[in-house]
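K.L.:
Quick one: the structure is below, questions incoming.
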Amino acid sequence: MATKVLLAGCGNMGFAMLKGWLDSGLLSGDETFVVEPMADLRQRAADLGSQVVPFVRDIPAALAPTLVIFAVKPQVIREVAGNYKRFAATGATFLSIAAGTKVATFEEILGPFAPIVRCMPNTPAAIGKGMMVTYANPHVRTEVMAFIDSLLAASGRVASIADESLMDAVTAVSGSGPAYVFHFIEALTAAAEAAGLPPQTAKLLAMQTVYGAAALAAESGEEPGKLRQQVTSPNGTTAAALGVLMGEDRLKTLVGEAVEAARLRSVELGK
């Protein structure tokens, strides 16, 4: 059976994606090939049934994957990507999940006509609840992009952008966004403890409330603003709290400033 996916790097995100593809039946072990120098990371990929080797030089000469995925840190992307240039000649498309690395960088390394897709995932992809956003250069074939979308969908929701410069905003919202939510849970937990609740109860209430509210927003079909209004009785407890959070657009302003700070930092890192 022909290898469809060659995965360069099998750290936490790469392994989560690989596991999702194999567990869902989108790919079989024979259709995946992993290059991972770390023995323990390589072993867990092998345990899933994937073909594995430690180094690029160990890849069989006849291997001609449909898709080469770079799941390595941005700091080493130039060092790593050049080792896979030969697959451009065999018709492979290249997908990168390295934050901040532009398509132009890959075109410089792999050739100006290489089909390149850039993807920004986030950490909930590890449990199939991620948000993946893609940008593709003009050389990516429609059928290959559909294949990529189907693979990414195993890790959560998938969206695309037509302007690569928007990837900095994507990074600031969904890439970094889970950390904002985790901090909100921390803050809500601390507030619950300050109100007198035992630590474990405070943590449970905070986490389940955020989880349940997010699930309701995703599944109800209602706008978040309308859901907020449904919870808010005039002159009630929720209205009192929202008077603090929404007064003078406090929370909206704070979140806007946080996202802009992340976006500007993403721009700097991409230079």
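Read-outs: derived from the displayed coordinates by stated rules, not from any lab. Note that the coordinates shown come from a computational prediction; the quantities given were computed from them, not determined experimentally. Glycine also receives a Cβ, built like all others from the backbone with ideal geometry; neighbour counts cover every protein chain displayed.
K.L.:
For region 97-210, what are the per-bin percents of Cα-Cα distances with bins 10 Å wide, up to the bin holding the maximum?
P.N.:
13, 34, 25, 14, 10, 4, 0
K.L.:
Putting +1 on Lys and Arg Cβ atoms and -1 on Asp and Glu Cβ atoms, find which of 63, 139, 93 reaches farthest to the positive end of the dipole of the chain.
P.N.:
The residue sitting farthest along the positive end of the dipole is 63.
K.L.:
Quote the charge dipole size of the chain about the Cα centre in Debye, to the nearest 20; the model charges only the Cβ of Lys and Arg (+1) and of Asp and Glu (-1). Before the final figure, lay out the partial values.
P.N.:
Values: 22 positive and 25 negative charges, 58 e Å.
For this selection, approximately 280 debye.
K.L.:
Here is a further query. What ranking of 180, 135 emerges when the number of other C-beta atoms within 10 Å of each C-beta is taken as an exposure proxy, fewest first? Kindly include the intermediate steps, with their values, before the conclusion.
P.N.:
Numbers: 180 15, 135 21.
Arranged by neighbour count, lowest to highest, 180, 135 become 180, 135.
K.L.:
Give me Rg over Rh for region 164-216, both radii from the alpha carbons and Rh done the Kirkwood way, two decimal places. Mind dumping the intermediate values first?
P.N.:
Values: Rg = 14.3 Å, Rh = 12.2 Å.
Checking Rg against Rh, the ratio lands at 1.17.
K.L.:
Between 219, 143, 186, which gets the highest mean-square fluctuation from a Gaussian network model of the chain, Cα cutoff 10 Å?
P.N.:
For the chain, modelled as a Gaussian network with Cα springs under 10 Å, the answer is 219.
K.L.:
With the contact rule set at Cα under 8 Å and sequence spacing of 6 or more, what percent relative contact order holds for region 175-269? Please report the intermediate quantities before stating the final value.
P.N.:
On the way: 28 pairs, mean separation 14.8, N = 95.
Normalised by residue count, the contact order of region 175-269 is 16 percent.
K.L.:
Do the alpha carbons of any pairs in 102/226; 203/271; 73/129; 19/252; 4/129 sit beyond 30 Å of each other, and which pairs? If you can, show how the numbers build up before the last one.
P.N.:
Values: 102/226 38 Å; 203/271 40 Å; 73/129 22 Å; 19/252 37 Å; 4/129 24 Å.
Long pairs (Cα-Cα over 30 Å): 102/226; 203/271; 19/252.
K.L.:
Before rounding to the nearest 500, sum -39500 (n - 2.57) across all DSSP H runs of length at least 4 in the chain and divide by the residue total; then give [θ] at 222 nm in deg cm²/dmol. Numbers along the way, then the final one.
P.N.:
On the way: 11 runs with 128 residues, N = 271.
So the helix-based figure for the chain works out to -14500 deg cm²/dmol.
K.L.:
Here are a few candidate values for percent of Cα pairs over 26 Å apart: (1) 35; (2) 49; (3) 40. Which one was actually calculated from the structure I just gave you?
P.N.:
Among (1) 35; (2) 49; (3) 40, the one calculated here is (2).
K.L.:
Over the alpha-carbon set of region 192-252, divide Rg by the Kirkwood Rh and report the Rg/Rh ratio to two decimals.
P.N.:
Values: Rg = 13.4 Å, Rh = 13.2 Å.
When Rh is taken as the Kirkwood radius, the ratio is 1.01.
K.L.:
Hey, fewest Cβ within 10 Å first, where do 265, 42, 57 land in order? Write out the running numbers ahead of the final one.
P.N.:
Working: 265 15, 42 18, 57 8.
The most exposed by this proxy come first: 57, 265, 42.
K.L.:
With Cβ to Cβ distances under 15 Å as the rule, what net charge do the other residues near residue 149 carry (K, R +1; D, E -1)? Intermediate results must be reported in sequence, preceding the final value.
P.N.:
Working: positive: 4, 118, 141, 157; negative: 143.
Every neighbour counted, the sum reads +3.
K.L.:
Expressed in nm², what is the orientationally averaged projection area of the convex hull enclosing the Cα positions of region 46-100? Spell out each step's value before the answer.
P.N.:
Working: hull surface 17.7 nm².
Projected over every direction and averaged, the Cα hull of region 46-100 covers 4.4 nm².
K.L.:
If you restrict to DSSP beta bridges whose two residues both lie in the chain, what percentage is antiparallel, to the nearest 5? List each step's numbers first, then the result.
P.N.:
Values: 4 of 27 bridges.
Taking every DSSP beta bridge with both residues in the chain, the antiparallel ones total about 15 percent.
K.L.:
Distance between the C-alpha centers of region 21-100 and region 174-244? Whole Å please.
P.N.:
After rounding, the separation between the Cα centres reads 40 Å.
K.L.:
Still on this model: Only Cα pairs within less than 10 Å get springs; with that Gaussian network setup on the chain, which residue of 142, 237, 101 has the largest fluctuation?
P.N.:
Ranking 142, 237, 101 by mean-square fluctuation puts 237 first.
K.L.:
GNM on the chain, C-alpha springs below 10 Å: top fluctuator among 111, 225, 156?
P.N.:
Highest fluctuation of the listed residues: 225.
K.L.:
Just want the ordering: 59, 116, from fewest to most Cβ atoms lying within 10 Å of their own Cβ.
P.N.:
Values: 59 20, 116 25.
If I rank by nearby Cβ atoms, fewest first, I get 59, 116.
K.L.:
Over region 4-124, what per residue volume does the convex hull of the Cα atoms give, in whole Å³?
P.N.:
Numbers: hull volume 11.7 nm³, N = 121.
Cα convex hull per residue, to the nearest whole number: 97 Å³.
K.L.:
Please state the Cα pair-distance histogram of region 138-271 with 5 angstrom bins from zero: what percent is in each bin?
P.N.:
Calculated P(r), rounded to whole percents: 2, 8, 11, 15, 20, 16, 11, 8, 5, 3, 1, 0.
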